[in-house]
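Beneath this line is the structure, given in structure tokens, with notes to follow.
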Amino acid sequence: AGWFRLKFPHLVHAAVSSSAPVLAQVEMKGYYDVCAEAYAVQDNGVGGSRACRRNIALGHAQIGRNLTTREGRRYLAALFGLP
């Protein structure tokens, strides 16, 4: 929604962009930091935790390692139901 508003301001009066960055970049540390902190929010009924944040980071690291080998890529394809 935010991207569409930027590209076509003459067509869209307002838009709500709730999560994705409008101008994506490789290695968006600032964006990653904000997302990581969101997983750790415990108040306001969000239900996150430091353990949740840590487990997501560990999972992402494992996927990264799997992507470096043919067998790892096959495993991920099967796990996520990819062709």
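The values are calculated or read from the model by the stated rules, or taken from the named source; none is laboratory data. Nothing here was measured: the structure is a model prediction, and the numbers come from that model. Methodologically, a virtual Cβ is constructed for each residue, glycine included, from the backbone with ideal geometry; neighbour enumeration extends over all protein chains shown. Note: areas computed on protein heavy atoms with side chains; ligands, DNA, RNA excluded. Shrake-Rupley method; radii C 1.70, N 1.55, O 1.52, S 1.80 Å.
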Return a yes/no flag: does segment 21-31 have any residue that is modelled with pLDDT of 80 or more, open to solvent by 100 Å² or more (accessible area, probe 1.4 Å), in contact with a Leu (Cβ under 7 Å, 6 or more places away or on another chain) and not hydrophobic (A, V, I, L, M, F, W, C).
-> no
Restricting segment 39-81 to residues that are touching a Gly at 6+ places or on another chain (Cβ under 9 Å) and exposed (fewer than 12 other Cβ atoms within 10 Å of the Cβ), the residue that is nearest to E27 (Cα to Cα) | R65
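Let's see how each residue does on (1) touching an Asp or Glu at 6+ places or on another chain (Cβ under 7 Å); (2) of a type in the set (V, I, T); (3) touching a residue at least 12 places away in the same chain (Cβ under 8 Å):
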| site | (1), (2), (3) |
| --- | --- |
| A1 | no, no, yes |
| F4 | no, no, no |
| L11 | no, no, no |
| M28 | no, no, no |
| G48 | no, no, no |
| H60 | no, no, no |
| T68 | no, yes, no |
